[in-house]
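Single-structure report; data block below.
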Amino acid sequence: MLIRNKTLGAVVLAALVMAVNASPASAKVAEFASEKYPSVLVGTQTAPHEFLTVAGPLKCMEAKITGNLAAQAPSVSVSPSYGMCTFVGKPATVAMNGCTYRLEAGLLLNENESMGLMKIVCPGANEIVVTAGECVMKIPPTAEAEGFVDFKNIEEKEIEAKLDVAPLKYSLNNKCGVPEGNKEGGKLLGPYRIKGSNGPIGVL
């Protein structure tokens, strides 16, 4: 189960940092694994994805990620894409501009579930750009991984990933119905179901 309380969340983040740096026996770092390698990972949404802002939610009915898992690893880079989106009451497009998500498997909670993190990584000075009519929102890369992503092995030997990633920074121009400028407190929400191309996959 995801931990929502901010104080408890901070404890989990601190434990993750400690586990990555020191690998104590009491906190096992989870890893993504496949029956065979390399495995092409494809994740599709099982519910709409949202990015919450002061101007209202960016809501996308289609959300997909793709990535390559070359070997068992604690993190994997995936390329997101979004479709059928709306923002500030208008159809919206999401241009990733080469930005990817780095998914970190995090800490094992039990044999089938881990509490992980996510980082937005962009080449050069690129940002994610959302356009809805004249309204433009930009989401920059994150300096470090943010929480949380709940990874769970499901019956069909796939991974269910539930994003609850915050706080994220973003900026709005003066056409979005609220004062323009840099904002904080954005939140990315949404579930994926991730399949592998080379047999069952999971977190362990």
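The values are calculated or read from the model by the stated rules, or taken from the named source; none is laboratory data. Being a predicted model, the structure only gives us computed values, none of them experimental. Please note: Cβ atoms are built from the backbone with ideal geometry, for glycine as well, and neighbour counts cover all protein chains shown. The protein model used for the area step is the full one, side chains on, heavy atoms only, and it has no ligands, DNA or RNA in it. Shrake-Rupley method; radii C 1.70, N 1.55, O 1.52, S 1.80 Å.
Annotations
- Residue pairs meeting the criteria (Cβ under 6 Å; at least 6 apart or on separate chains; first hydroxyl-bearing (Ser, Thr, Tyr), in the stretch 190-201; second open to solvent by 50 Å² or more (accessible area, probe 1.4 Å)): Ser197/Val40
- Which listed residue, of Glu31, Glu35, Glu50, is open to solvent by 10 Å² or more (accessible area, probe 1.4 Å), closer than 29 Å to Ala125 by Cβ and acidic (Asp, Glu): Glu50
- Count of the stretch 65-76 residues which are buried (at least 16 other Cβ atoms within 10 Å of the Cβ) and over 17 Å from Leu204 (Cα atoms): 2
- Condition met for Ala25 (loosely packed, with under 13 Cβ neighbours inside 10 Å, at pLDDT below 95 and over 16 Å from the mean Cα position of the chain (by Cα)): yes
- Strands (runs of 3 or more DSSP E) (entirely within the stretch 93-201) containing at least 3 residues that are on the phi < 0 side of the Ramachandran plot and open to solvent by 50 Å² or more (accessible area, probe 1.4 Å): 100-110, 158-172, 181-196
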